[in-house]
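Here is the structure we will look at, set down as structure tokens.
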Amino acid sequence: MSELYTLDDLISRDRLDAGHDKPAKLAVIGHPVAHSSSPRMHQSALDALGIDARYIKIDVPPGHVAEAFARMKALGFYGCNVTVPHKLDALGVCTDVHPDARSLGAVNTVRFDETGTHGFNTDGPGFVRAIVEDFDFTLATFNVLVAGAGGGAGQAIATQCAIQGVPRLVLVNRTFEKLGPLVERLRALGPTTEVIALAFDDPRLVALSQESDLIVNTTSVGLKEGDGSPLPQDCLRAGLCVYDTIYQPAVTPLLAAANATGARVANGLSLLLHQGVLAFQHWFPHTDPLPYMREALGMQTARTS
Ligand code: ATR
């Protein structure tokens, strides 16, 4: 388990690196961030590739992203990952933001160099790779239903689906009002995609779920013990692909129910892996951290056929 740092530790190299033989040069910032699996995954790739750097966790309170970036840059960090609740703030603080990250409305990866603070989003492209790996399908061919599309993760995944040009995108959210601005953005982004917005109690939910090829859960329902499934059982069917962005627990009530109906299921570990690989390659182009990260997460090697 890597140590948890705070902004106060980003004062000097002496303070940050005391007792360590490698300098901290990468981090994930979040609040809370103690649970993050990113250090395990990235450190294993750094070590295997012989890069002399530590990847640490820094708990940054809301409103302090600019300060965190400035301090890391001054200390010579290569970059950082950004997690909840800072992904939107990070977008405003970077000196330049990749167009995809701007479309997704969030930055989860930052690279520091002499020319500035560069923001990227690897969650969207990481999701595309995760779907190919888990279901052997290109996202662009799927009719997709996103449960929890009004949340941060849901908006990013829904946006990526529109960028890929999926034929139909059904957005479901408990708080229906949160979907309005997203629907407008998505229609502008992917004019060929049919976008439908629903609340969970909409009578069309079951039929639209049944007509979907892929259901993605981006709600937090399933994280806590005692949680149920965010979708009723009759939304599921044999042959449907069901992806839960939650990976702890590995089998959520939604995935258990989907599995029992004969649906194909996958959890969020592949998204964690692929967004991590793409982030690493922003810092170290032309490297292949994938096998080391996969092993660090305890994942089996992907199908090759
Ligand atoms: P974020 O910071 O990304 O918005 P969040 O507050 O944990 O994260 O919510 C993520 C998603 O889970 C949201 O879509 C949220 O629905 P609301 O927009 O209505 O809040 C959804 N969510 C959380 N608890 C839920 C529940 N019990 N039933 C259905 N959706 C839920």
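The values are calculated or read from the model by the stated rules, or taken from the named source; none is laboratory data. This one's a predicted model, so the numbers in the text were calculated from it and none came from an experiment. Cβ coordinates were reconstructed from backbone atoms using ideal geometry, including for glycine residues, and neighbour counts include every protein chain displayed. In case anyone asks, the SASA skips ligands and DNA or RNA and just uses the protein heavy atoms, side chains included. Shrake-Rupley method; radii C 1.70, N 1.55, O 1.52, S 1.80 Å.
To keep it simple, each residue is scored yes or no on (1) modelled with pLDDT under 95; (2) out of contact with any Asp or Glu (no Cβ under 6 Å at 6 or more places or on another chain); (3) open to solvent by less than 50 Å² (accessible area, probe 1.4 Å); (4) farther than 20 Å from Tyr55 by Cβ.
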| position | (1), (2), (3), (4) |
| --- | --- |
| Ala238 | no, yes, no, yes |
| Asp244 | no, yes, yes, yes |
| Leu255 | no, no, yes, yes |
| Ala260 | no, yes, no, yes |
| Ala266 | no, no, yes, yes |
| Leu272 | no, yes, yes, no |
| Ala279 | no, yes, yes, no |
| Trp283 | no, yes, yes, no |
| Asp288 | no, yes, no, no |
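Applying the criterion of being more than 20 Å from Pro291 (Cα to Cα) and in contact with a strand residue (DSSP E or B) (Cβ under 6 Å, 6 or more places away or on another chain) to the residues of the stretch 32-46, the residue that is least open to solvent (accessible area, probe 1.4 Å) is Val33.
The residues of the stretch 71-83 that are without any contact (Cβ under 8 Å) to a residue 60 or more places away in the chain and more than 17 Å from Arg15 (Cα to Cα), listed by number, are Cys80, Val82, Thr83. If you go through the stretch 207-228 and pick out every residue that is closer than 14 Å to Val251 by Cβ and away from the ligand (no atom under 12 Å from the Cβ), you end up with 1.
Within the stretch 152-184, being open to solvent by less than 30 Å² (accessible area, probe 1.4 Å), within 19 Å of Leu88 (Cβ to Cβ) and not aliphatic (A, V, I, L, M) holds for Gly154, Thr159, Gln160, Asn173.
Total residues in the stretch 269-288 satisfying the condition of being outside any loop (DSSP other than H, G, I, E, B) and touching a residue at least 60 places away in the same chain (Cβ under 8 Å): the figure is 13.
Could you go through the stretch 126-135 and let me know if any residue there is at pLDDT 95 or above, within 12 Å of the ligand (Cβ to nearest atom) and open to solvent by less than 10 Å² (accessible area, probe 1.4 Å).
No; the residues of the stretch 126-135 include none that is at pLDDT 95 or above, within 12 Å of the ligand (Cβ to nearest atom) and open to solvent by less than 10 Å² (accessible area, probe 1.4 Å).
Considering the conditions (1) modelled with pLDDT of 95 or more; (2) touching a Leu at 6+ places or on another chain (Cβ under 9 Å); (3) within 15 Å of the ligand (Cβ to nearest atom), Arg204 is excluded by exactly one of them, (3).
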